[in-house]
Structure formats: structure tokens, C-alpha cells
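The values are calculated or read from the model by the stated rules, or taken from the named source; none is laboratory data. All values reported here derive from a predicted model rather than from experimental measurement. Here Cβ is always computed from backbone atoms with ideal geometry, including for glycine, and neighbour counts include all displayed protein chains.
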Amino acid sequence: MLNIHQVKEEVCDIGRRIYNRGFAAANDGNISFRIDENRVVCTPTGICKGFMKPEDLCIVDMSGNQIAGTRKRTSEILLHVTIMKARPEVKSVVHCHPPHATAFGIAREAIPQCLMPEVDINMGDVPIASYALPGGQGFADVIMPYIMKSDIIVQANHGTVSVGPTIERAYWLAEMLDAYCRICLIARDLGKVEYFTRDEAEDLLTLKQKWGFKDPRADLENCELCANDIFRDSWKETGVAHRAFQPPTFKRNDDNTGQKASVNSKCTCAGCTANAAAQNQHQSTSPQSNEERELIIKTITDRIVKALAG
Ligand SMILES: [Zn+2]
């Protein structure tokens, strides 16, 4: 039997960690935990996450209506319950503003991959969702497509949303992403960022699967390993790009001689779609286009007719 008081203590504890790490200034951020089918413990609005007591917390139903607590529930609870309904395995949602991860959301810079093994194993390609006004259904609508595929997302010009089966796990993803973004920025300031080689990246993906972690790159075998292929389709809309960090562009099954893999027509990821389009473009402008082929045939036929006549 779940001890609700213990859950509330844990929410307060994670609140202190979020505040002490500088992930939520003043009254920023919100935390929730689903205690049963129709009840969610959540933080109230207008409270510093570093100084909450269990009696400050609220309980809402799965539509976000408050059913217990004297303080008013966070206005962002609609996002939390929308996520919990769509992903029943998610018990906790944590939203905060970790500065280094949020900076990538403001710069709309794709979070680099293939730089640290723990990060690639625990998170993979971290998407950046478009900006939306906080609090309403539109805010949830912008985030949902990404949170269905990733346990942590960065919101453009805002912060992070992370989810998990426990409050600690949801928080821990935000902590790990922020530490990673900080390290990436420091390394870039030193003047050189060295990415994994193709083999190193491939080995890590294999290990990740062996340990039971899912990674969409494993199913898209012809996609680029380190170049944020999974969410690249969304970049036009979100304005995300590789500007400060330029990752290597090798594919899973490029061979060791440096030979590029052929385009996988079945793969619909951004990288393969772009490559297929480039190949089609090349074909239509190559000497093998219909017009040119006809011209070559006509020239050869003319020569044969001339030779026979001669
Ligand atoms: Zn926020």
C-alpha cells in the first residue's frame, strides 16, 4: 500500500534538490506523482520548491481538478496529467529550468550526441520542442509528440520536462542533462570537441540494447549515428540546428573503409529522407535522364546507319 505522506516527503525532498542546484529560481518549476488510477500529488502554484512541507502539497484528479490541499495546484498540472494518461508507465513528471539545458533551448542548438557514454545510454537524442505559452492545453499539445518518444525534452525558451516511474528518476534525467550540457559548453570553450568514432558509437548502441535501453537509432539502421537524426524532422518548425556543435555524419552501416552506406529506401528518418532526395536529384540531373538517354541512342543509331550505308 502506497504511503501518501512518504510520497509528499519525497516531492519536498526533490523540490529542495531542484532549488539547491539552481534549476528553479524563486517559485519556478513543478513536480507531480501519480498515487493511483485517479489521483496525483502535485506541487502548488506560487511556492519556492526549496522550502515546501508535505502539508503544502495538493492532490488532483486525472483531469487536473483539485480534490485535496489548501493551496492552489500548479497551473501546469494539465501537462502532467496529459502525459500520465498517454504514458501509463509514467508515474512522475518534473518540470524545471536547468540553466545549461535551457540555454540550448534558447539558442535552439541541437543537444550534441556521441560525447559521453552515460548520456548516450540514458537519454539518446534529446528533442527541443517549440515554444508555447505555459499553462494551457496548447502547452501540452506542443510537448506531447516529443515526450511520447523521449523521457526528457527541452522546451524552447523555457526549461525541461522529464518523466519516469519514480520522482527521483524524473529529476535525475534533468540533473544529468544539465551536467552534460555544461560539460559540452566548457569543452567547446576549450576550442575542441572530439566525438566518438563510428565504431565507438556503434559499440555503445549495441551495449545500450544489451542492457535493455531502447534507442530509435537501432531500428533506423541506415541513419546517422551522432547527428541528431531522430527528431530532425521537427527542426524546420522549431528553428533548431547544428550551429555551435558540428557532429560527424557517419551512418550505422558505413563500412570501415569510409565507404558510405547506400540509401535505405525503407527508412523514413530525416537523414535517409534527405539522402534519398539528394540521390533522386542527382539521378534526374545525371546523363542518365530520359532526354539525354534518347540523345545517346539517337547518336549511336545514326552512326550505325551511316556505317551500314557506307
Ligand atoms: Zn517553467
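So which residues in segment 17-44 are within 13 Å of the ligand (Cβ to nearest atom) and under 15 Å from residue 92 (Cβ atoms)? Break it down into steps so the answer makes sense when it comes.
Taking segment 17-44 as the starting set, the residues that turn out to be within 13 Å of the ligand (Cβ to nearest atom) are 18, 23-31, 43.
If the condition is that a residue be within 13 Å of the ligand (Cβ to nearest atom) and under 15 Å from residue 92 (Cβ atoms), then 18, 29, 30, 31, 43 are the ones that fit.
Looking at segment 172-186, is at least one residue touching a helix residue (DSSP H, G or I) at 6+ places or on another chain (Cβ under 9 Å) and either assigned by TED's automatic domain parsing to the domain that holds residue 252 or more than 15 Å from residue 119 (Cβ to Cβ) (or both)?
Taking segment 172-186 first, the residues touching a helix residue (DSSP H, G or I) at 6+ places or on another chain (Cβ under 9 Å) are 172-185.
Then keep just the ones that are either assigned by TED's automatic domain parsing to the domain that holds residue 252 or more than 15 Å from residue 119 (Cβ to Cβ) (or both); that gives none.
No: zero hits.
Being touching a residue at least 40 places away in the same chain (Cβ under 8 Å), closer than 17 Å to residue 84 by Cα and within 10 Å of the chain's Cα centre (by Cα) holds for only one residue in 147, 167, 128, and it is 147. Just to be sure before I move on: is residue 109 buried (at least 16 other Cβ atoms within 10 Å of the Cβ), in contact (Cβ under 8 Å) with a residue 40 or more places away in the chain, more than 23 Å from residue 149 (Cα to Cα) and more than 16 Å from the ligand (Cβ to nearest atom) in the structure I sent? The answer is no for residue 109. As for segment 208-218, it holds at least one residue that is assigned by TED's automatic domain parsing to the domain that holds residue 231 and among the aliphatic types (A, V, I, L, M). Name every residue in segment 230-254 that is at pLDDT below 90, among the charged types (D, E, K, R) and touching an Asp or Glu at 6+ places or on another chain (Cβ under 7 Å), in order of residue number. If the condition is that a residue be at pLDDT below 90, among the charged types (D, E, K, R) and touching an Asp or Glu at 6+ places or on another chain (Cβ under 7 Å), then 251, 252 are the ones that fit.
Just one of the listed residues (3, 30, 65, 20) is closer than 19 Å to residue 140 by Cα and surrounded by fewer than 17 Cβ atoms within 10 Å (Cβ to Cβ), namely 65. For segment 46-68, the condition of being part of a loop (DSSP other than H, G, I, E, B), under 21 Å from residue 166 (Cβ atoms) and within 15 Å of the ligand (Cβ to nearest atom) holds for none of the residues. Within the option set 36, 56, being acidic (Asp, Glu) and buried (at least 16 other Cβ atoms within 10 Å of the Cβ) holds for one residue only, 56. Considering 86, 101, the condition of being within 15 Å of the ligand (Cβ to nearest atom) and either among the small types (Gly, Ala, Ser) or within 15 Å of the chain's Cα centre (by Cα) (or both) is satisfied by 101 alone. Only residues that are assigned to a loop (DSSP other than H, G, I, E, B), under 26 Å from residue 103 (Cβ atoms) and not β-branched (Val, Ile, Thr) were counted in segment 9-45, giving 9. Mind checking whether some residue in segment 73-88 is surrounded by 18 or more Cβ atoms within 10 Å (Cβ to Cβ), among the small types (Gly, Ala, Ser) and at pLDDT 95 or above? Within segment 73-88, none of the residues are surrounded by 18 or more Cβ atoms within 10 Å (Cβ to Cβ), among the small types (Gly, Ala, Ser) and at pLDDT 95 or above.
Just for helices (runs of 4 or more DSSP H) wholly inside segment 102-199: which have at least 2 residues that are in contact with a Ser or Thr (Cβ under 9 Å, 6 or more places away or on another chain)?
Correct list: 137-147, 167-190.
Screening 82, 102, 74 for residues that are within 19 Å of residue 175 (Cα to Cα) and among the hydroxyl-bearing types (Ser, Thr, Tyr) leaves exactly one candidate, 102.
When segment 115-138 is filtered for residues that are surrounded by fewer than 22 Cβ atoms within 10 Å (Cβ to Cβ) and hydrophobic (A, V, I, L, M, F, W, C), the ones remaining, listed by number, are 115, 116, 119, 121, 123, 132, 133. Just one of (1) at pLDDT below 95; (2) more than 26 Å from residue 33 (Cβ to Cβ); (3) within 16 Å of the ligand (Cβ to nearest atom) fails for residue 156. It is (1).
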